[in-house]
There are 2 protein chains.
Amino acid sequence: MTRILVVDDEPQILRALRINLAARHYEVAVAADGGAALRQAADWQPDLIMLDLGLPDIDGVDVIHGVRGWSSIPIIVLSGRASNQDKIDALDAGADDYVTKPFGIDELLARVRAVTRRAAVQDEELAQVQVGEHVVDLSRKTVSSGVRLTPTEWHILEILLRNPGKLVSQRQLLAEVWGAKFVKETHYLRQYMVQLRRKLEADPAHPAHLITEPGMGYRFMP
Amino acid sequence: MTRILVVDDEPQILRALRINLAARHYEVAVAADGGAALRQAADWQPDLIMLDLGLPDIDGVDVIHGVRGWSSIPIIVLSGRASNQDKIDALDAGADDYVTKPFGIDELLARVRAVTRRAAVQDEELAQVQVGEHVVDLSRKTVSSGVRLTPTEWHILEILLRNPGKLVSQRQLLAEVWGAKFVKETHYLRQYMVQLRRKLEADPAHPAHLITEPGMGYRFMP
DNA sequence: GCCGGTCTTGACGGGTTCCATACGCCATCA
DNA sequence: TGATGGCGTATGGAACCCGTCAAGACCGGC
């Protein structure tokens, strides 16, 4: 189910959007200011953000920057300001679409579908990945032959599998799984890479798919 | 260079868009009706399509369907019809954005950047450089034929490859890789240039791509 | 309160990478 | 022709990183 974070400081708009989106079977969370929005975006990991530019604490464009610093979640801007420069600033900051109030709910929903369409295509393609003898299903969180993974193991494996063939730095893995304060704790990774290889590799001592790049990071080889 | 196909039946709009886009260094092709648009899209392989809905031969939504049948090229719809249903139909047919005439050229350009941004991210990942017999992929941190590089080797090679044909001073290399305090330790560089040439050059004693400029620095020749 | 699974933390051996030193070659210039 | 400076190459030890084992801490369900 698609998770949408709605950010607006007007309670009645928040309420109207929540009801309309929930009726279309979206999962909805709300935030009333920029600080809450950034926190929610990080904690709740929405699939899309609807962002009003006129927030009480932080300027909307800065919220976009704040999110784009670590994520490429689609962002649709809702705004009362119809001026061209506002649109340009928001879009160039990293917004995916810009809708001017007042707007029809049906148009908004169509834009939501348009923006999420691409991301959905990519996710579906990545749903199942072959790792040696095993098939990993990322959306259903299952592995063939009854292999079971712990939450932390899933988290690490997902990051690696979403970047096939690409080097993923230890720093990035530690920051995404444990948080920014743990980027030096490389032995956490060593620990879990052993576990993953034991569960997925045919010969855990000589891994063929979960590869170490000494001094740099790890890599998933399809 | 980004290639944009502009589809509109009004010659003056076609002309205005062509001039404005060309001024921003986009490569532009035009089509005046739906048939020509579908042909051009297939033949010319644009990176983005700007599509007017009011075409003389085919309905704009059907043009979108025609393109989406075989491609996921980004499509921005330009339209005089401001009705909600038109927007919804176009977006659900597969358009990425919908702009209502009249529009500001700056807003349109911002939307072009927003729509092409995601595709651009994927293109960046094709940052491959040919070094003699080998192909170096900077984003994935891989070299063809199983050649492996250490972190320091990567660091030096990246700086050189990102400045193709340009002289990079020893001072700059030492400062970037080891820090400002090491700008005199030129023997570090000699050490690692040997290693890089051994791993990448066909004849390491007579390098063809990783060139020394005596007394000044090093240069990567494509 | 007990128990199983999971996550954190510590310690150790082996291998690789990095750094330091030494030496030979070559071009330039006196 | 000899001195000099910059460069390429070889080699050894130190530091670092990784994989592995093991044990304690934490957390949930029963």
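Rule-based calculations on the coordinates, nothing more; no lab input. Note that this is a predicted model, so its numbers are computed, not measured. Please note: Cβ atoms are built from the backbone with ideal geometry, for glycine as well, and neighbour counts cover all protein chains shown.
Computed values, structure above
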quantity: Of the trypsin sites (Lys or Arg not before Pro) in region A:43-149, those whose Cβ has at most 13 other Cβ within 10 Å and which sit in DSSP loop; calculated: A:Arg140, A:Lys141, A:Arg148
quantity: Stretchable slack from A:Ser145 to A:Lys166, in nm (0.36 nm times residue separation minus alpha-carbon distance); calculated: 4.9 nm
quantity: Cα gyration tensor, region A:3-124 - rounded (a/c under 1.5), prolate or oblate; calculated: rounded
quantity: Average other protein chain Cβ within 10 Å of Cβ, residues A:159-172; calculated: 2
quantity: Candidates A:Thr142, A:Thr212, A:Thr150: whichever shows maximal mean-square fluctuation once chain A is modelled as a Gaussian network with Cα springs under 10 Å; calculated: A:Thr150
quantity: Fluctuation leader among B:His209, B:His187, B:His134 - chain B, Gaussian network, Cα springs under 10 angstrom; calculated: B:His187
quantity: Inter-chain shielding of B:93-103 (mean C-beta neighbours from other protein chains, 10 Å cut-off); calculated: 3
quantity: Kirkwood-based shape ratio for the protein assembly as shown, expressed as Rg/Rh from alpha carbons; calculated: 1.01
quantity: Cα-based convex hull volume of region B:129-189 per residue, rounded to whole Å³; calculated: 91
quantity: Over chain A, relative contact order from alpha-carbon pairs under 8 Å, at least 6 apart, %; calculated: 12
quantity: Per DSSP, loop GluC sites (Glu not before Pro) in region B:26-133 with at most 11 further Cβ within 10 Å; calculated: B:Glu133
quantity: Among A:Ala41, A:Ala31, A:Ala23: highest mean-square fluctuation, GNM of chain A, C-alpha pairs under 10 Å; calculated: A:Ala23
quantity: Largest to smallest principal axis extent of the C-alpha atoms in chain A, angstrom; calculated: 61, 34, 26
quantity: Helix-only mean residue ellipticity at 222 nm for chain A, each DSSP H run of n ≥ 4 adding -39500 (n - 2.57), per residue, nearest 500; calculated: -14000 deg cm²/dmol
quantity: Neighbouring partner chain Cβ atoms per residue of A:203-216, average, 10 Å criterion; calculated: 1
quantity: Per DSSP, loop trypsin sites (Lys or Arg not before Pro) in region B:166-197 with at most 14 further Cβ within 10 Å; calculated: B:Lys166, B:Lys184
